[in-house]
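Single-structure report; data block below.
The values are calculated or read from the model by the stated rules, or taken from the named source; none is laboratory data. Not measured: the values here are computed from a predicted model. Neighbour counts are summed over all protein chains in view; Cβ atoms, including those assigned to glycine, are modelled from backbone coordinates with ideal geometry. With ligands, DNA and RNA removed, areas are computed over all heavy atoms of the protein, side chains included. Shrake-Rupley method; radii C 1.70, N 1.55, O 1.52, S 1.80 Å.
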Amino acid sequence: MEETYLLNVEGVKKKILHGGQGELPKLQDGSKITFHFQTLKDDFERTVIDDSREAGIPMEIIMGKMFKLEIWETLLSSMRIGEVAEFWCDAIHTGMYALVSRGMRRIAEGRDPLEGQKHRCGMGNMFDYHSTGYDDLDELQRTPQPLIFIMELFRVEEPSAYKRDTWAMSKEEKLAAVPVLHSEGNRLVLRKEFGQAAAKYQEAVICLRNLQAKEKPWEDGWLKLESLVTPLVLNYCQCQLELGEYYEVLEHTTELLQKHNDNAKAYFKRAKAHAAVWNEREAREDFLRVAHLDPSMAAAVKKELKQLGERMRKKHVEDRKRYQGLFQPPRGP
């Protein structure tokens, strides 16, 4: 039996279509909510705008992480697990729906939801871009109107109960995640699972770079984070060397050396990448720089230079054999 009542929010009405189970979940910042939704116009036909079931993937939002359609957090917080409810929301709550829907549709299509946007708030983007790329959403953007949301709540997970994406973590959580990711990467390296190890190191770097972006470059906070980033980048580059991704190594070591031009390990890894792609002069320069910066690595440098010389001589011999008859005139009959 359907039950209709008002939430303690202006411009919202709720109708329970199917009762849920248990008590209302205790939501907090960081809780992950998984649900299906359907969005309809408040017209005679109840025109369907979006339906998450068509994409085949439930919707997920993280409480307190500034989801653009804030009213959804309010609606979901009134539901029990397994409940299906219909919410009527006045236009004061639905003005951002066109932009939210645009992003969700792009994700479902395998596209970047931020493609084409400038680094501005959602409202600024709405005025900058007169079209969302979808006719029905353009109509909603021009004339905000009441909408109906039908939601089915599947589960609520506490922040500690699931692995959160980097963007959903707080500063403290990111700092706590870095040594864990570093350790996991090291363990995978010992098992020679270099691709998975590289992913762990990269995720840790992303955590730190996100925090660094909020610090003033080269001041104490920024430098402290940079000291954590550097060994992770070097570990990542070592994995890429093992995987044969030499140009990836050249890119990251060069970027690192632009900020830390006395890092012998970065020069050493870049030298090995140069040698692997036949950049003999660059490889020799980097190897010699390593020996100058860190005499303890002189023996390793000597070994690498010897191997480089042998590889280059072998390559020159093969090249001569391959091309020695290329420009000779053909023999007569």
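Spacing of the modelled spin labels on residue 34 and residue 282, each 7 Å from Cα toward Cβ, amounts to 4.6 nm. Can you tell me the FRET efficiency between residue 176 and residue 21 if r is taken as the Cβ-Cβ distance and R0 is 51 Å, rounded to the nearest 0.05? That pair, residue 176 with residue 21, gives E of 0.90.
In plain terms, the C-alpha convex hull of segment 194-333 casts an average shadow of 11.8 nm² when viewed from every direction. The residues 102, 311, 187, 281, sorted by heavy-atom accessible surface at 1.4 Å with ligands and nucleic acids left out, run 281, 187, 311, 102 from largest to smallest.
Local charge for residue 314 was computed over the other residues whose Cβ lies under 14 Å away, with Lys and Arg +1 and Asp and Glu -1, and equals +3.
Per-residue extension of 0.36 nm, minus the Cα-Cα distance of residue 247 and residue 138, leaves a gain of 34.9 nm for this segment. In this rough spin-label picture, where each label sits 7 Å from Cα along the Cβ direction, the residue 9-residue 192 distance is 5.6 nm.
The calculated P(r) of segment 24-64, using every Cα pair and 10 Å bins from 0, goes 26, 36, 30, 8 in percent.
You can think of it this way: the chain between residue 92 and residue 299 has 67.4 nm of extra reach, that is 0.36 nm per residue less the Cα-Cα gap.
If R0 equals 35 Å, the separation of the Cβ atoms of residue 216 and residue 317 corresponds to a calculated FRET efficiency of about 0.05. The relative contact order of segment 13-66, computed from alpha carbon pairs under 8 Å that lie at least 6 residues apart in sequence, is 39 percent.
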